[in-house]
Amino acid sequence: MSDYDPILEKLSNRLAGQKGCLEESKAYRESTYRLKTIGLGTPPEMRYFRTHVGWPGLYLRALDERLDVEGFRVDGQSEGVEELWKWWQDNGLDEESGLGHMDAFTYGRSYITIARPLPDDEIDSPIIRLESPLSMIAEIDPRTRKITSAVRLYKTDPTTGPEGTDIADAATLFLPDKTVYLKRSAGPIHQWVTDGKPVEHKLGVVPVVPLTNRHTLSDLHGTSEITPELRTLTDAAERTLMNLQSASELMAVPLRVFMGVSRDQLVSEGGTATVDEAYYARIITLRNESAQAFEFSAADLRNFTAELSELAKQVASYTGLPPQYLSFSSDNPASAEAIIATDSRLVKKCERKAKMFGGSWEQSMRIATKVMGKKVPEEYNRLETVWRDPSTPTYAAKADAATKLYANGTGVIPKEQARRDMGYTQTQRENMQEWDKEERTTLLSDLYSQTKAVADATPKPDPKPAAKAGNSK
């Protein structure tokens, strides 16, 4: 038994207690959640008609697709911090950051871990990774709102563990002054024992930063973006679609009834009709003269489609998704301005999410600076995360707006701000600045050459003045 057993058991038990809710949120995101009412009021035969509705996943992807980090800068400075952006690129966070954001939307949180690179690593940058809350949990001090400890659980060997289950057999414990690696001991008790020497980093902070979604003053661990109202609407849509399919199977086509005739008297062109031919109404003749045939009209299924449309509108009202995302039309005309107007709630929500996640990324970069053995500059307290514009204006619209505001140097914004508004990255803007210098040098050189050519072609005055003619007497 190690000295870290109490804190490790406390955190692992807390994570195990939350696994059920986390897995349910994942099932809703991936449209694999099984309705509980399916087994209550639905005949077993109808369960084959169940249809998965992916509204939660659609909503989360719509948010994630509009959140892209483009750099870091210090408030009051025009240019970004190149070192921090290099660390971002070295760790492939252009791709992994989206995974962390998606998990935060799904489960209410994900985690960023920071570590010093190993001596044999090819890059001289801190190791920054995203971790899922399914395998990691942190304890937050409610007074300081800082992480006091965190643990990551994982399984190294699928054949080990109690009775070969998926119970983790290894763990990483993050503390303010050290990082401890542990494993379960062999034997019937399976106690936690240290696995190697702890890493004494002496940072004074836990190198873990949570990416929290919809956290409140009373719940600092975050809440899933798949809210209860969105879950119930998704369940209702699945039941409606299941009923629609069953009604379509039984009553979507006219029901034909034959009276006074036996089954072997149903004849088609080739002889006795099969069940499939009777189902598709391919009946040609009846052998019984006294037989009668009539049909019931097909059922009108528009009540199901109207219900689905109403459910989609309710989802749009709760999430802020534009009507075109949920495939229903609104009263607004299909113009560019109307489409932009329907995006306003979603854009504002993405801006709030960017501000919330931006604080976590900024704290991660400050800890990464400490991890690399450097003193955190005082201006890093004003560090800002630069996000791409979450709105969806067309490229031509942005270009037209930037051109009018710049107005060839006489407008209200300088050229550099116009390039920022167009969405060019810092590297692209730096290249443009170099090209501007080359262009000015070329223009000055051409102007000098033209001026010199004009001066050479202009006749020069005679330096000796002409003698004045004397007055004749």
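Where a number appears in this text, it was derived from the coordinates with a stated rule and is not lab data. In this text, all values refer to a predicted model and were calculated from it rather than measured experimentally. Reconstructed Cβ throughout: ideal geometry from the backbone, glycine too, with neighbour counts over all protein chains shown.
Annotations
- For peptides 303-311, 26-34, sequence by mean Cβ density within 10 Å, most packed first: 26-34, 303-311
- Calculated FRET value between Glu65 and Leu35, using beta carbons and R₀ = 25 Å, to 0.05: 0.35
- Its Cα gyration tensor gives the range 56-136 an equivalent ellipsoid; the semi-axes, largest first and in whole Å, are 25, 19, 10.
- Here each label is just a point 7 Å from Cα along the line to Cβ, and for Arg14 and Ser297 those points are 6.4 nm apart.
- Between Thr51 and Glu438, the simple label model (points 7 Å from Cα in the Cβ direction) yields a spacing of 5.8 nm.
- Filter on Lys26/Lys353; Lys86/Lys375; Lys370/Lys437; Lys86/Lys202 - keep pairs with C-alpha separation over 29 Å: Lys370/Lys437
- Under a model in which nothing but the beta-carbon of Lys, Arg (+1) and Asp, Glu (-1) is charged, the range 168-209 shows a dipole of about 40 debye around its Cα centre.
- In this simple spin-label model, placing a label point 7 Å from the Cα along the Cα-to-Cβ direction at both Glu96 and Thr305 gives a separation of 4.8 nm.
- Peptides ranked, highest mean first, by Cβ atoms within 10 Å: ranges 403-415, 342-354: 342-354, 403-415
- Proximity of backbone amide H atoms, modeled 1.01 Å from N, is registered between Lys178 and His201, Lys202 at under 5 Å, excluding neighbours fewer than 5 places apart on the same chain.
- Once the Cα-Cα distance is subtracted from the 0.36 nm per residue extended length, the Met422 to Ile123 segment shows a gain of 104.4 nm.
- Packing-based order for 226-236, 12-22, using average beta carbon neighbours within 10 Å, highest first: 226-236, 12-22
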